[in-house]
């Protein structure tokens, strides 16, 4: 569905991507992680045709996104971190925007609006930021585009709203689409994610399924720092110690994506070696 090779992209004098490669072929929910400024939002915009690469090859659903073909645009939907809605109601949004997406489901959209508790006939200028964000998400999910790109979708949502989002995205009607979510709120969505992507230094540092991560890594909490000796990563957690280490057993471990994100940021090579099945963890980071 997505194939990127030798991607180059600069913002002015700042090089964001120099030789980036990515290949994704299976539906599922992909978590896109990386430090601030690592180019996550830029990548989503390039994949959707909102930004044009300076070099390399980008193919999405068999199209070149930069060509912005209508046949391509109707199959991709983007939820940006910062968005604007016209001063209309949810009902008017449905009537005016849904025709651009052939797979759009009116019944699903209205069901999502009910789950999110969004008033149908209230203008967006009279809604809170959280209500507007829910309306954008409800519409995006109802498009049923094969590819859905979401940049920090849970920002601005309260605890209930985040739970509602997980409920909707976890529905069977979304099982056959590819959803790429760039987020720092890893814990909110880790139960939905089937695959983790980590961008660092203009490269794809990690691309691994949750199943692989569970089989190769063990993340947990120890009562004493001594119990974390030899771990890939450790950090104080009150009177206890959170850790990431190799999974030496046959039982899949639990994956805490926030802890994994920290481990990747502090000891990237150690994590990568463990995921690849190598025994050198490149030291211990804390």
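Values quoted throughout were computed directly from the atomic coordinates according to the rules given, and no laboratory measurement underlies them. None of the values given here were measured: they were computed from a predicted structure. Every residue, glycine among them, receives a Cβ derived from its backbone with ideal geometry; neighbour counts consider all protein chains shown.
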> Helix 159-169 versus the longest principal axis of the chain: what angle, 0 to 90°, nearest 10, using Cα atoms?
Replying inline: 80
> Rg(Cα) of segment 1-120 divided by 2.2 N^0.38 Å?
Replying inline: 1.24
> Using the per-residue mean of other Cβ atoms lying within 10 Å as a proxy for protection, in what order, highest first, do the peptides 118-129, 241-252 fall?
Replying inline: 241-252, 118-129
> Which whole-number value in Å³ per residue fits the convex hull of the alpha carbons of segment 147-286?
Replying inline: 135
>> Between residue 203 and residue 1, what's the calculated FRET efficiency when r is the beta-carbon distance and R0 is 22 Å? Round to 0.05.
In response: 0.60
>> If you average the alpha carbon positions of segment 221-243 and of segment 92-149, how far apart do those two centres end up, in angstrom?
In response: 44
>> If you scale each eigenvalue of the Cα gyration tensor by 5 and take the root, what three semi-axes come out for segment 209-275, rounded to whole angstrom and sorted largest first?
In response: 18, 13, 11
> Simple spin-label model, 7 Å along Cα-to-Cβ: residue 97 to residue 83 in nm?
Replying inline: 0.6
>> Just to be sure I understand the model, the point goes 7 Å from the Cα along the line to the Cβ. What's the resulting residue 254 to residue 66 distance in nm?
In response: 4.6
>> Output the 0 to 90 degree angle, nearest 10, between the alpha-carbon long axis of helix 106-116 and the longest principal axis computed from the alpha carbons of the chain.
In response: 60
> Among 88-97, 5-14, what's the highest-first ranking by average C-beta atoms within 10 angstrom per residue?
Replying inline: 88-97, 5-14
> So how far apart, in nm, are the two label points at residue 14 and residue 269 if each is 7 Å from Cα heading toward Cβ?
Replying inline: 2.7
